[in-house]
Amino acid sequence: MQRLALLKRLPLLVVVGLSLSLALQGKALAQQGPQLTSVAQSKLLTDPMDAAWQKVPAADVPLTPQAGVKPALMATSVSSVKVRSVNDGASIAFLLEWQDGSEDRYASRPESFRDAAAIQFPTTGELPAICMGVRGQMVNIWHWKADWQTDIDKGFQDVPDAYPNFYKDAYPAVNVLTGTPPFRMPKDFESPEAKQFMVGWTVGNALSEPVRTSPIEDLNAIGFSTATHKAKQNVNGKGVWKDGVWRVVYTRALKVDDVDAAALTAGQEVPVAFAVWNGSNQEVGARKQTSTFLNVTVQAAGGAAALQLSPALLGGLILLLIVAGIIAFRMVEGRSRQTS
Ligand code: HEM
């Protein structure tokens, strides 16, 4: 009689157990914050306006103002960034989208600030300090800048672009026969004699580089105020502003021969953090909004997204198995007693 009663209750127990663990699962997932998966697919999406991005699951990542270190930002001008990622097993692409009512593309005047966004990764196995790492926990930062994007889209934005009335009728060592006043970078300064007057360019300062191949600077840092241009620049990408939204794609080979670069391996989870600068709010350097670290799961080709089994769901399932096991054991025991 008692065994029959237990048997009748089994389906109810299963349902209660499952719903309990799913409820706990939902709560645990909500507490985990945004989930980001780099979806494995055959086509690597490199164009920010490619409609195929809409099929890729997005993570809505909240941003908070960097209010700890001066010059600080006390309130966000951009409250969140939407992030998507795909990889084709050889390279990875991230798409960042955020609302920005104005397209601030120039930084060549002291009073102008450009829009920008960055992705931060650890370079060691440890989770580094969010504020750009610390000594012993170097971070790799991919910094997209709207003014570098403009140099690529429209040619190097030189002084005459910022100050149309700027004029120079002669310049030391510039070939006045070939050059056109007020002379422009890089074409009129390519001769070694003339180039020496463009000191930043001559010494290889990335900010002065007039021939850009990428709108993204690949940086290392071991804490704030240590952001450094990496010897190996591995990251490319493109940014487009349309209807009040910036869309910026970052691309890099998954495997790079560079110890100072983020390790991105298919099948693994990698911590990642984001930062956004709004030029029209005079944001640059420390004045920005940032996220906390979240994990991106880099899906391996052919690998279905790993089922996110939170400890809660796991616990619930184990509990269920134990209960079912006890009942089954009791039933077998009972039957064996009847037959003996
Ligand atoms: C929340 C804690 C943070 C603090 C206190 C902080 C502070 C600073 C400071 C003082 C600077 C200017 C000096 C320098 O260039 O190193 C700076 C620049 C920079 N930071 Fe951070 N930072 C923080 C988080 C982040 C995060 C999470 C990222 C990337 C996702 C990031 C990316 C950058 C970049 C790319 C620059 C150079 C910006 C430029 O040239 O305009 N920072 N930060």
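The values are calculated or read from the model by the stated rules, or taken from the named source; none is laboratory data. Remember, it's a predicted structure, so these values are computed and weren't measured experimentally. FYI the Cβ positions are ideal-geometry reconstructions off the backbone, even for glycines, and counts take in every protein chain you see. Please note that ligands, DNA and RNA were not included when accessible areas were found on the heavy atoms of the full protein model with its side chains. Shrake-Rupley method; radii C 1.70, N 1.55, O 1.52, S 1.80 Å.
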Original post:
When residue 215 is evaluated against the numbered criteria (1) more than 16 Å from the ligand (Cβ to nearest atom); (2) open to solvent by less than 20 Å² (accessible area, probe 1.4 Å); (3) at pLDDT 85 or above, which criterion, by number, is the only one it fails?
Top reply: (1)
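Step by step: first the residues of the stretch 85-123, then only those that are of a type in the set (A, V, I, L, M) and in a loop (DSSP other than H, G, I, E, B), then the one that is nearest to residue 254 (Cα to Cα). Which residue is that? It would help to see each step written out before you state the result.
Start the filter on the stretch 85-123 by keeping residues that are of a type in the set (A, V, I, L, M), which leaves 86, 90, 92-93, 95-96, 107, 116-119.
Add one more test, that the residue is in a loop (DSSP other than H, G, I, E, B), and what stays is 90, 107.
Working: 90: 6, 107: 32 Å.
Here the answer is 90.
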Subject >> Identity of the residue in the stretch 112-156, within 10 Å of the ligand (Cβ to nearest atom) and on the phi > 0 side of the Ramachandran plot, that ends up least open to solvent (accessible area, probe 1.4 Å) >> reply: 133
**OP:** For residue 262, indicate whether it is touching a residue at least 40 places away in the same chain (Cβ under 8 Å), closer than 25 Å to residue 84 by Cα and within 16 Å of the ligand (Cβ to nearest atom).
**Re:** yes
Subject >> Scope the stretch 265-295; condition more than 9 Å from the ligand (Cβ to nearest atom), open to solvent by 30 Å² or more (accessible area, probe 1.4 Å) and under 15 Å from residue 74 (Cβ atoms); matching residues >> reply: 281, 282
Original post:
Which of the residues belonging to the stretch 200-212 are touching a helix residue (DSSP H, G or I) at 6+ places or on another chain (Cβ under 8 Å), away from the ligand (no atom under 16 Å from the Cβ) and open to solvent by 20 Å² or more (accessible area, probe 1.4 Å)?
Top reply: 201, 202
**OP:** Hey, can you tell me all the residues within the stretch 249-273 that are part of a strand (DSSP E or B) and in contact with a Lys or Arg (Cβ under 7 Å, 6 or more places away or on another chain)?
**Re:** 249
Original post:
Cβ-Cβ below 8 Å, separation at least six or inter-chain, first residue in the stretch 146-169 and without any contact (Cβ under 8 Å) to a residue 24 or more places away in the chain, second assigned to a helix (DSSP H, G or I): which pairs?
Top reply: 166/159; 166/160
Original post:
Of the conditions (1) touching a Pro at 6+ places or on another chain (Cβ under 7 Å); (2) closer than 18 Å to residue 153 by Cα; (3) not hydroxyl-bearing (Ser, Thr, Tyr), residue 236 fails just one. Which one is it?
Top reply: (1)
Subject >> In the stretch 56-84, residue nearest to residue 299 (Cα to Cα) [restricted to those that are away from the ligand (no atom under 12 Å from the Cβ) and not in a loop (DSSP other than H, G, I, E, B)] >> reply: 84
Original post:
Considering the stretch 219-252 alone, what residues qualify as being surrounded by fewer than 21 Cβ atoms within 10 Å (Cβ to Cβ), among the aliphatic types (A, V, I, L, M) and away from the ligand (no atom under 12 Å from the Cβ)?
Top reply: 231, 240, 245
Subject >> Test: residue 53 is touching a Ser or Thr at 6+ places or on another chain (Cβ under 9 Å) and part of a helix (DSSP H, G or I) >> reply: no
**OP:** Give 279, 302 a once-over and let me know the one that is at pLDDT 95 or above and over 17 Å from the mean Cα position of the chain (by Cα).
**Re:** 279
Subject >> Residue, nearest to the chain's Cα centre (by Cα), within the stretch 157-177, restricted to residues that are modelled with pLDDT under 75 and open to solvent by 70 Å² or more (accessible area, probe 1.4 Å) >> reply: 168
